[in-house]
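I have placed the structure first, in the form of structure tokens, so that the comments after it can refer back to it.
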Amino acid sequence: MTELFFKETYSPLSSSELIAKEKANMDEKRFKHCVQVSQTARKLARLNNYDEEKAALAGFIHDYAKQVPVEEYRKVIQEQDFDKDLLNWNRAIWHGIVGTYFIKRDLKITDPEILQAVWRHTTADIEMTTLDKIVFVADFIEPGRDFPDVEKAREVSYKNLDEGVGYELAHTLEFLIENRNKVYPLTLSAYNVWSVK
Ligand code: GDP
Ligand code: FE
Ligand code: FE
């Protein structure tokens, strides 16, 4: 595994503590994905004149809570200040929005920009910061992704981050509709902003 190191700028935990907690909260495949999203986020940050350290950390932790048990999620949504409509959704939607709760609790990260990028990483949003876009797009094009259009997605995203966001939302929406999946309203609103020509 390539060397991983996170400066103690955004968490009181040391880099090795942070990495150990992340590793303990998911299987090996998901961990590898997070490392690769981190590396891709770093590359996108460099290309878009954004703080590479911050992007690398946000990318690393974006799926921290992906494998938290469903019952734990339901309890947190009920007990904490989350929109109760979230109870009608599932972990695909929860692990970004509600994942921020577990990240604050376990990884002690409080930076609002990092938490917002995690919050938005699955659905996107009508307004997105550069960091939001970097994490959203890095998740989609990291080297482990192998869907048929991934090379095109990489080409578009490395050329223009905003177009990468639009490409990804259109692709996700196509996939959701093809499978007759429920579309989270925010995903649709984001599509209308970023994908429509
Ligand atoms: P991952 O966590 O690295 O697998 O990637 P994401 O966080 O981007 O996506 C997680 C899952 O959520 C994927 O299977 C997406 O297809 C799905 N997803 C994204 N947007 C929506 C939506 O609006 N509705 C539903 N039901 N699923 C969605
Ligand atoms: Fe995710
Ligand atoms: Fe991911």
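The values are calculated or read from the model by the stated rules, or taken from the named source; none is laboratory data. Small disclaimer: the values here were computed from a predicted structure and weren't measured. In this analysis, Cβ positions are derived from the backbone assuming ideal geometry, glycine residues included, and neighbour counts consider all displayed protein chains. Side chains included, ligands, DNA and RNA excluded: accessible areas come from the protein's heavy atoms. Shrake-Rupley method; radii C 1.70, N 1.55, O 1.52, S 1.80 Å.
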**Message:** For the structure I just gave you, tell me whether LYS66 is part of a helix (DSSP H, G or I) and either open to solvent by 10 Å² or more (accessible area, probe 1.4 Å) or in contact with a Cys (Cβ under 7 Å, 6 or more places away or on another chain) (or both).
**Reply:** no
**Prompt:** Among all residue pairs at least 6 apart or on different chains, which show Cβ distances below 7 Å where the first residue, located in region 33-45, is under 14 Å from ILE19 (Cβ atoms) and the second is more than 15 Å from ligand 1 (Cβ to nearest atom) and open to solvent by less than 10 Å² (accessible area, probe 1.4 Å)?
**Reply:** SER38/ALA56
**Message:** Of the conditions (1) touching a residue at least 40 places away in the same chain (Cβ under 8 Å); (2) within 16 Å of ligand 3 (Cβ to nearest atom), THR130 satisfies every one except a single condition; which number is it?
**Reply:** (2)
**Message:** Against the conditions (1) open to solvent by 60 Å² or more (accessible area, probe 1.4 Å); (2) within 14 Å of ligand 2 (Cβ to nearest atom), where does PHE31 fall short? Just the number, please.
**Reply:** (1)
**Prompt:** If only one of LEU173, LEU161 is without any contact (Cβ under 8 Å) to a residue 60 or more places away in the chain, hydrophobic (A, V, I, L, M, F, W, C) and touching a Leu at 6+ places or on another chain (Cβ under 9 Å), which one is it?
**Reply:** LEU173
**Prompt:** Quick one: would you say ALA20 is more than 16 Å from ligand 3 (Cβ to nearest atom), assigned to a helix (DSSP H, G or I) and in contact (Cβ under 8 Å) with a residue 60 or more places away in the chain?
**Reply:** no
**Message:** Of all residues being open to solvent by 60 Å² or more (accessible area, probe 1.4 Å) and not in a helix (DSSP H, G or I) in region 69-97, which is farthest from ligand 3 (Cβ to nearest atom)? Just the residue, please.
**Reply:** ASP81
**Asked** Would you pick out the residues in region 14-28 that are surrounded by fewer than 14 Cβ atoms within 10 Å (Cβ to Cβ) and within 13 Å of ligand 1 (Cβ to nearest atom)?
**Response** ASP27
**Fill in**
Filtering helices (runs of 4 or more DSSP H) wholly in region 98-197 for at least 3 residues that are of a type outside the set (Lys, Arg) and open to solvent by 60 Å² or more (accessible area, probe 1.4 Å) gives 112-119, 150-159, 161-178, 185-194
**Request:** Could you list all residues from region 39-54 that are more than 16 Å from ligand 1 (Cβ to nearest atom) and either open to solvent by less than 20 Å² (accessible area, probe 1.4 Å) or assigned to a helix (DSSP H, G or I) (or both)?
**Result:** ARG42, LYS43, ALA45, ARG46, LEU47, GLU52, GLU53, LYS54
**Complete:** Output for Cβ contacts, cut-off 7 Å, separation at least six or different chains, first residue over 17 Å from HIS121 (Cα atoms) in region 46-70, second part of a loop (DSSP other than H, G, I, E, B) and more than 14 Å from ligand 3 (Cβ to nearest atom), reads GLU53/LYS7; GLU53/THR9
